[in-house]
Amino acid sequence: MNNDKTEQITLHLLAPLPYEDNALDPVISAKTISFHYGKHHKGYVENLNKLSAGTEFAKMTLEKIITATAGKADNVAIFNNAAQTWNHTFYWCSLKPNGGGEPPAALKKKIEADFGTLEACKKELAAAATTQFGSGWAWLVLDSGKLKVVKTGNADSPLTKGMKPLLNIDVWEHAYYLDYQNRRADYVTAVLDKLINWDFAAENLEGE
Ligand code: MN
């Protein structure tokens, strides 16, 4: 079918949504998902494939591209599209229908050790998500064995700082504007109370 088989090019694929496009409704509508997943996320994957074709990055994994291009002025576009591809796949997994509630026991214990209470952890996540100026992300990460909340601007990722992401929340306007307009705090609160996927965070913590 093609004669380039020996080149082993890594074609990045749009990861399937882990649920139906209306499964997060009414917190996040199917309309938001249709643009956010179907246009924005898909666009990052397509741009990444275009930008990496024929370059040294064509054979690299997504994680490798992100760490190899972070902070490099010549590779801003490929970093942005690679990191946004990763960040969005991670975001869809950080949410689930009927999420929120209590984390699994081991994660809850770790949260209580590092934040005091689950409420304190959620409050820090909400504060990071609402105070991130402009576009970006709020994250729960493991940093040197300790859980922390961090925020990053635009496409930036805790992966480039040696941190292990456990979950994230997208606070780009495209994540909430159709459903919440300017009310980012309402989106963040609803996500934390009703959609956040503590099971996913717990799996990422177990992987350590
Ligand atoms: Mn987004």
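All of the numbers you see were taken from the coordinates with simple rules; none came from a lab. Just so it is clear, the structure is predicted and the values come from calculations on it, not from any experiment. Cβ coordinates were reconstructed from backbone atoms using ideal geometry, including for glycine residues, and neighbour counts include every protein chain displayed.
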Percent breakdown of C-alpha pair distances by 5 Å bin, ordered from the shortest bin, for the range 105-206:
2, 14, 24, 26, 19, 10, 4, 1
Please name which of His40, Ala105, Ala138 has its Cα lying farthest along the dipole of the chain towards the positive end, using unit charges on Cβ (Lys, Arg +1; Asp, Glu -1) and the Cα centre as origin.
Ala138
Can you compute 3J(HN,Hα) from phi for each residue in the range 26-36, using the Karplus curve 6.51 cos²θ - 1.76 cosθ + 1.60 with θ = phi - 60°, rounded to whole Hz and x for Gly and Pro?
x, 5, 10, 6, 4, 5, 4, 4, 4, 7, 5
Can you work out the Karplus-derived ³J(HN,Hα) for every residue in the range 77-94? Use 6.51 cos²θ - 1.76 cosθ + 1.60 with θ = phi - 60°, whole Hz, and x for glycine or proline.
5, 5, 4, 4, 6, 5, 5, 5, 4, 5, 4, 6, 4, 5, 5, 4, 6, 6
Net charge within 9 Å of Cys121 by Cβ-Cβ distance, Lys/Arg positive one each and Asp/Glu negative one each, not counting Cys121 itself?
-2
How much length is gained on full extension from Ala15 to Lys161, taking 0.36 nm per residue of separation minus their Cα-Cα distance?
50.1 nm
Computed [θ] at 222 nm, deg cm²/dmol, the chain (DSSP H ≥ 4; -39,500 (n - 2.57); rounded to nearest 500):
-13500 deg cm²/dmol
Check which residues have an amide H placed less than 5 Å from Leu166's amide H, if you skip close sequence neighbours.
Leu140, Val141, Leu142
Non-local amide H neighbours of Gly136 (under 5 Å, H modeled in plane, Pro and chain starts lacking H): which ones?
Asn154, Val171, Trp172
Using modelled backbone amide H atoms (1.01 Å from N, in-plane), which distant-in-sequence or interchain residues come within less than 5 Å of Gly100's amide H?
Leu195, Ile196, Asn197, Trp198
Taking 20 °C and 1.002 mPa s as the conditions, I'd like the Stokes-Einstein D for the chain in µm²/s, using the Kirkwood hydrodynamic radius from alpha carbon pairs.
121
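Go through Lys96/Lys122; Lys122/Lys148; Lys122/Lys194; Lys39/Lys72 and tell me which ones have a Cα-Cα distance over 21 Å in this structure. Could you put the intermediate results ahead of the total?
Values: Lys96/Lys122 17 Å; Lys122/Lys148 11 Å; Lys122/Lys194 12 Å; Lys39/Lys72 27 Å.
Listed pairs above 21 Å: Lys39/Lys72.
At a 10 angstrom cut-off on C-beta neighbours, averaged per residue, how do the peptides 87-95, 61-69 rank from highest to lowest?
The densest-packed peptide leads the list: 87-95, 61-69.
Compactness ratio of the range 50-142: Cα Rg over 2.2 N^0.38 Å, N = residue count? Write down the numbers at each step before the final one.
Working: Rg = 17.1 Å, N = 93, 2.2 N^0.38 = 12.3 Å.
Taking N as the residue count of the range 50-142, the ratio is 1.39.
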